[in-house]
Amino acid sequence: MLVEQYNLVHISTGDLFRNEIQKQTPLGIEAKGYMSRGELVPDSVTIGILKNAVDANSEAEGFIFDGFPRTIPQAKALDALLDDLGEEVSGLVALSVPEQEIINRILLRGKSSGRPDDNDPAIVRNRIQVYEDETSPVYAHYAGVGKSYMVNGIGSVDEIFERLSEVIDNLDNSWWDEEEE
Ligand code: AMP
(Lines give C-alpha, C1' and ligand atoms only; values in the text may rest on other atoms or scores of the structure.)
Protein backbone atom coordinates (compact mmCIF):
# COMPACT_ATOMS: atom_id res chain seq x y z
CA MET A 1 0.00 0.00 0.00
CA LEU A 2 2.89 2.37 0.78
CA VAL A 3 4.64 1.48 -2.48
CA GLU A 4 1.52 2.42 -4.40
CA GLN A 5 0.72 5.55 -2.41
CA TYR A 6 4.23 7.03 -2.57
CA ASN A 7 5.59 5.46 -5.76
CA LEU A 8 8.39 3.63 -3.96
CA VAL A 9 10.61 0.69 -4.76
CA HIS A 10 10.32 -1.88 -1.97
CA ILE A 11 13.58 -3.54 -0.94
CA SER A 12 13.32 -6.31 1.66
CA THR A 13 16.70 -7.82 2.50
CA GLY A 14 14.88 -10.92 3.80
CA ASP A 15 13.18 -11.34 0.38
CA LEU A 16 16.53 -10.85 -1.37
CA PHE A 17 18.09 -13.58 0.77
CA ARG A 18 15.13 -15.96 0.24
CA ASN A 19 15.49 -15.40 -3.50
CA GLU A 20 19.19 -16.34 -3.31
CA ILE A 21 18.29 -19.45 -1.26
CA GLN A 22 15.78 -20.49 -3.90
CA LYS A 23 18.39 -20.08 -6.64
CA GLN A 24 20.87 -22.03 -4.46
CA THR A 25 23.61 -19.45 -4.98
CA PRO A 26 26.68 -19.44 -2.68
CA LEU A 27 25.28 -16.30 -1.01
CA GLY A 28 21.94 -18.04 -0.45
CA ILE A 29 23.63 -21.08 1.01
CA GLU A 30 25.60 -18.87 3.40
CA ALA A 31 22.56 -16.82 4.44
CA LYS A 32 20.35 -19.87 4.97
CA GLY A 33 22.26 -21.08 8.03
CA TYR A 34 21.89 -17.76 9.84
CA MET A 35 18.25 -17.34 8.85
CA SER A 36 17.24 -20.81 9.98
CA ARG A 37 18.62 -20.01 13.45
CA GLY A 38 16.96 -16.59 13.58
CA GLU A 39 20.35 -14.87 13.60
CA LEU A 40 21.43 -11.97 11.45
CA VAL A 41 23.30 -12.53 8.23
CA PRO A 42 26.75 -10.84 8.57
CA ASP A 43 26.79 -7.11 7.84
CA SER A 44 29.25 -7.32 4.93
CA VAL A 45 27.00 -9.77 3.06
CA THR A 46 23.84 -7.80 3.85
CA ILE A 47 25.27 -4.42 2.89
CA GLY A 48 26.55 -5.89 -0.39
CA ILE A 49 23.16 -7.31 -1.40
CA LEU A 50 21.38 -4.08 -0.43
CA LYS A 51 23.81 -1.96 -2.43
CA ASN A 52 23.28 -4.13 -5.51
CA ALA A 53 19.51 -3.72 -5.17
CA VAL A 54 19.80 0.06 -4.88
CA ASP A 55 22.17 0.23 -7.86
CA ALA A 56 19.75 -1.90 -9.90
CA ASN A 57 16.99 0.68 -9.30
CA SER A 58 18.76 3.92 -10.18
CA GLU A 59 15.56 5.34 -11.68
CA ALA A 60 13.57 4.91 -8.44
CA GLU A 61 11.82 7.96 -7.02
CA GLY A 62 12.26 6.62 -3.52
CA PHE A 63 12.83 3.42 -1.58
CA ILE A 64 11.13 1.70 1.29
CA PHE A 65 13.71 -0.48 3.02
CA ASP A 66 12.00 -3.30 4.85
CA GLY A 67 14.04 -5.14 7.47
CA PHE A 68 17.09 -2.99 6.78
CA PRO A 69 19.18 -1.52 8.41
CA ARG A 70 19.12 -4.00 11.28
CA THR A 71 22.46 -3.06 12.92
CA ILE A 72 24.37 0.16 13.54
CA PRO A 73 27.10 -0.77 10.98
CA GLN A 74 24.31 -1.33 8.41
CA ALA A 75 22.80 2.07 9.24
CA LYS A 76 26.17 3.77 8.85
CA ALA A 77 26.78 1.95 5.55
CA LEU A 78 23.33 3.06 4.32
CA ASP A 79 24.03 6.66 5.31
CA ALA A 80 27.33 6.54 3.40
CA LEU A 81 25.76 4.86 0.37
CA LEU A 82 22.99 7.47 0.17
CA ASP A 83 25.45 10.29 0.77
CA ASP A 84 27.43 9.13 -2.28
CA LEU A 85 24.19 9.45 -4.26
CA GLY A 86 23.48 12.92 -2.85
CA GLU A 87 20.54 11.51 -0.89
CA GLU A 88 19.71 10.78 2.74
CA VAL A 89 17.31 8.77 4.86
CA SER A 90 14.00 10.64 5.09
CA GLY A 91 12.71 8.77 8.09
CA LEU A 92 12.72 5.55 10.06
CA VAL A 93 9.40 4.09 11.13
CA ALA A 94 9.25 1.44 13.85
CA LEU A 95 5.99 -0.40 14.44
CA SER A 96 5.33 -0.99 18.10
CA VAL A 97 3.66 -4.33 18.86
CA PRO A 98 3.68 -6.30 22.16
CA GLU A 99 5.90 -9.39 22.11
CA GLN A 100 3.11 -11.94 22.49
CA GLU A 101 1.20 -10.37 19.61
CA ILE A 102 4.33 -10.53 17.42
CA ILE A 103 4.76 -14.23 18.23
CA ASN A 104 1.08 -14.90 17.45
CA ARG A 105 1.27 -13.05 14.13
CA ILE A 106 4.48 -14.75 13.00
CA LEU A 107 3.24 -18.24 13.89
CA LEU A 108 -0.01 -17.50 12.04
CA ARG A 109 1.94 -16.23 9.03
CA GLY A 110 4.07 -19.40 9.23
CA LYS A 111 1.05 -21.47 8.24
CA SER A 112 1.09 -19.91 4.79
CA SER A 113 4.54 -18.29 4.38
CA GLY A 114 6.40 -21.59 4.10
CA ARG A 115 9.21 -19.93 6.07
CA PRO A 116 10.92 -22.36 8.47
CA ASP A 117 11.90 -19.39 10.69
CA ASP A 118 8.19 -18.48 11.10
CA ASN A 119 7.19 -21.93 12.32
CA ASP A 120 9.36 -22.51 15.38
CA PRO A 121 8.51 -20.51 18.55
CA ALA A 122 12.12 -20.81 19.83
CA ILE A 123 13.48 -19.29 16.59
CA VAL A 124 10.85 -16.55 16.68
CA ARG A 125 11.88 -15.69 20.26
CA ASN A 126 15.51 -15.58 19.19
CA ARG A 127 14.62 -13.18 16.36
CA ILE A 128 12.93 -10.89 18.89
CA GLN A 129 15.99 -11.04 21.17
CA VAL A 130 18.29 -10.22 18.24
CA TYR A 131 16.00 -7.30 17.42
CA GLU A 132 16.29 -5.96 20.95
CA ASP A 133 20.07 -6.40 21.11
CA GLU A 134 21.13 -5.31 17.64
CA THR A 135 18.29 -3.58 15.82
CA SER A 136 16.66 -1.37 18.44
CA PRO A 137 19.85 0.82 18.63
CA VAL A 138 19.16 1.77 14.99
CA TYR A 139 16.07 3.64 16.21
CA ALA A 140 18.29 5.76 18.48
CA HIS A 141 20.78 6.32 15.64
CA TYR A 142 18.12 8.08 13.53
CA ALA A 143 16.35 9.59 16.56
CA GLY A 144 19.64 11.45 17.18
CA VAL A 145 19.02 13.35 13.94
CA GLY A 146 15.26 13.70 14.50
CA LYS A 147 14.27 11.08 11.93
CA SER A 148 12.79 8.22 13.99
CA TYR A 149 9.06 7.65 14.41
CA MET A 150 7.31 5.07 16.59
CA VAL A 151 3.93 3.99 15.24
CA ASN A 152 1.34 1.91 17.06
CA GLY A 153 1.25 -1.41 15.19
CA ILE A 154 -1.98 -2.62 16.79
CA GLY A 155 -5.08 -2.22 14.64
CA SER A 156 -6.38 -3.08 11.20
CA VAL A 157 -4.18 -2.88 8.11
CA ASP A 158 -6.10 0.24 7.02
CA GLU A 159 -5.66 1.92 10.39
CA ILE A 160 -1.92 1.25 10.45
CA PHE A 161 -1.55 2.36 6.83
CA GLU A 162 -3.21 5.64 7.79
CA ARG A 163 -0.84 6.13 10.73
CA LEU A 164 2.17 5.42 8.52
CA SER A 165 0.90 7.78 5.81
CA GLU A 166 0.53 10.55 8.36
CA VAL A 167 4.18 10.16 9.36
CA ILE A 168 5.37 10.07 5.75
CA ASP A 169 3.21 13.05 4.72
CA ASN A 170 4.79 15.11 7.48
CA LEU A 171 8.46 14.31 6.79
CA ASP A 172 10.22 17.61 6.13
CA ASN A 173 12.73 16.25 3.64
CA SER A 174 10.21 14.34 1.57
CA TRP A 175 11.39 13.68 -1.97
CA TRP A 176 7.90 14.29 -3.35
CA ASP A 177 7.85 17.77 -1.77
CA GLU A 178 10.99 18.57 -3.74
CA GLU A 179 9.36 17.31 -6.91
CA GLU A 180 6.24 19.34 -6.33
CA GLU A 181 8.16 22.58 -5.83
P1 AMP B 1 12.84 -10.83 7.35
O2 AMP B 1 12.30 -11.36 6.06
O3 AMP B 1 13.09 -9.35 7.33
O4 AMP B 1 12.04 -11.27 8.54
O5 AMP B 1 14.29 -11.49 7.53
C6 AMP B 1 14.43 -12.89 7.66
C7 AMP B 1 15.86 -13.24 8.05
O8 AMP B 1 16.76 -12.80 7.03
C9 AMP B 1 16.36 -12.56 9.32
O10 AMP B 1 15.99 -13.27 10.49
C11 AMP B 1 17.87 -12.59 9.09
O12 AMP B 1 18.41 -13.90 9.29
C13 AMP B 1 17.95 -12.29 7.59
N14 AMP B 1 17.99 -10.83 7.36
C15 AMP B 1 17.06 -10.08 6.71
N16 AMP B 1 17.41 -8.79 6.69
C17 AMP B 1 18.60 -8.71 7.34
C18 AMP B 1 19.48 -7.65 7.69
N19 AMP B 1 19.19 -6.37 7.34
N20 AMP B 1 20.62 -7.95 8.35
C21 AMP B 1 20.93 -9.22 8.69
N22 AMP B 1 20.13 -10.27 8.43
C23 AMP B 1 18.98 -10.03 7.75
Given q = 0.14 Å⁻¹, what are the Debye log10 I(q)/I(0) values for the chain, with equal point scatterers placed on the Cα positions and solvent ignored?
-0.86
Give me the net charge for the shell around residue 108: Cβ to Cβ below 13 angstrom, other residues only, Lys and Arg +1, Asp and Glu -1.
+2
Rounded to the nearest percent, how much of the accessible area of the chain (1.4 Å probe, protein heavy atoms only) is carbon and sulfur?
50
Estimated inter-spin distance, residue 170 and residue 23, nm [label 7 Å along Cα→Cβ]:
4.1
Counting heavy atoms of the protein chains only and a 1.4 Å probe, report the per residue accessible area for the range 56-181 as a whole number of Å².
61
Mind listing the phi-derived Karplus ³J(HN,Hα) values for the range 92-97, rounded to whole Hz, using 6.51, -1.76 and 1.60 with θ = phi - 60°, and x for any glycine or proline?
10, 10, 10, 8, 9, 9
Taking the Cα centre of the range 104-177 as origin, sum charge times position over the Cβ atoms of Lys and Arg (+1) and Asp and Glu (-1), and report the length of that vector in debye to the nearest 20.
400
Ignoring ligands and nucleic acids, what accessible area does residue 150 show with a 1.4 Å probe (Å², nearest 10)?
110
Just the number, please: percent antiparallel of the DSSP beta bridges in the chain, rounded to the nearest 5.
0
Lysine pairs, Cα distance under 24 Å, 8 or more residues apart or cross-chain: how many in the range 8-180?
8
Sequence gap at least 6, Cα distance under 8 Å: using those rules, report the relative contact order of the chain to the nearest whole percent.
25
Which value, in debye to the nearest 20, gives the size of the charge dipole of the chain about its Cα centre, when Lys and Arg are +1 and Asp and Glu are -1 at the Cβ?
1320
Ordering of 2-15, 66-79 by packing [mean C-beta count within 10 Å, highest first]:
66-79, 2-15
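The values are calculated or read from the model by the stated rules, or taken from the named source; none is laboratory data. Remember, predicted model here, so these are calculated numbers, not experimental data. Cβ: placed from backbone, ideal geometry, glycine included. Neighbour counts: every protein chain shown. We work out accessible area using only protein heavy atoms, side chains counted, and drop any ligands, DNA or RNA first. Shrake-Rupley method; radii C 1.70, N 1.55, O 1.52, S 1.80 Å.
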